[in-house]
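Beneath this line is the structure, given in structure tokens, with notes to follow.
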Amino acid sequence: MSAVIERPDHGTDHEPRLLPSIGMWWPMLEAPLQLEILEHPTAPLRPAIVRRILDLCELDERPVPRSGVRLGANERAYLAGWTHAAGWT
């Protein structure tokens, strides 16, 4: 299942991508961290979660932003499809 809410180039001129593609890190993210994100998908991610995501994608040198990192609409759509397919409700 695939869902694209925004054009792929939406926001690229004004908002740099802070996180790698969710398809790269979500399957590797530990279940407790996945549950934390699923409980509040629109809330800012804790810096420890952002650091873990960057570590999983071997982007250790990238600094963790001080301002809250939030999942975009496409990332939340990915999670909705993943939870449906995986039976996490």
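With +1 on the Cβ of every Lys and Arg and -1 on the Cβ of every Asp and Glu, and nothing else charged, how large is the dipole of the stretch 22-86 about its Cα centre, in debye rounded to the nearest 20?
Numbers: 7 positive and 8 negative charges, 53 e Å.
Once rounded to the nearest 20, the dipole reads 260 debye.
Under 9 Å from the Cβ of L45, count the other residues' Cβ atoms, weight Lys and Arg +1, Asp and Glu -1, and hand me the total.
Values: positive: R46, R70; negative: E36.
Charge balance near L45 sits at +1.
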Counting other beta carbons within 10 Å of each Cβ, put R52, R17 in order, fewest first.
R17, R52
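A short reminder: the numbers here are calculations on the coordinates, not readings from a lab. As the structure is a prediction and not an experimental result, all values here were calculated from the model. When we count neighbours, we look across all protein chains shown, and the Cβ atoms used for this are built from the backbone with ideal geometry, even at glycine.
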